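Take this structure first; my questions come after.
Throughout, read-outs are computed from the coordinates displayed, never taken from laboratory work. Just so we're clear, the structure is a prediction, and the values are computed from it rather than from any experiment. Here Cβ is always computed from backbone atoms with ideal geometry, including for glycine, and neighbour counts include all displayed protein chains.
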Amino acid sequence: MGVFTSPEMGDRSWSVQAFAQDDYKAKPNLTINIGLRWEAAGSWTEVQNRISNFDPYLPNPASGTFGAMCYGPSTPDVPLRR
């Protein structure tokens with residue numbers, strides 16, 4: 001029997017959401033229900049900077065052709081390193 005371990009990742013993301021709803025009684029037999037929703041989501045980060053993605057449009061510095069790995073920042077305020 002083997003020992004199974006799971007890698008620990010420090011994935012982080014944030015989101016802000018708001019919702020407003022109201023009922024308007026136009027007539028005794030007609031009620032209008034309206035609502036508005038707003039969402040904002042931040043990009044994914046990883047605390048040890050262990051996040052990456054393949055970008056097919058990114059120039060590869062080794063060969064000069066398109067297609068290279070880009071690595072994500074460990075904080076959301078830092079742009080992607082390319």
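Just want the ordering: 45, 31, from fewest to most Cβ atoms lying within 10 Å of their own Cβ.
By the 10 Å Cβ count, ascending, the order reads 31, 45.
Tally Lys and Arg at +1 and Asp and Glu at -1 over the other residues with C-beta under 9 Å from the C-beta of residue 9: what net charge comes out?
Around residue 9, the charge tally is -2.
For a quick check of your reading of the filter: which GluC sites (Glu not before Pro) in the range 5-73 sit in a DSSP loop and have no more than 14 other Cβ atoms within 10 Å?
Answer in residue order: 8.
Using a Förster radius of 30 Å, what is the FRET efficiency between residue 15 and residue 66 based on their Cβ-Cβ separation? Nearest 0.05, please.
Working from the Cβ atoms, E equals 0.40.
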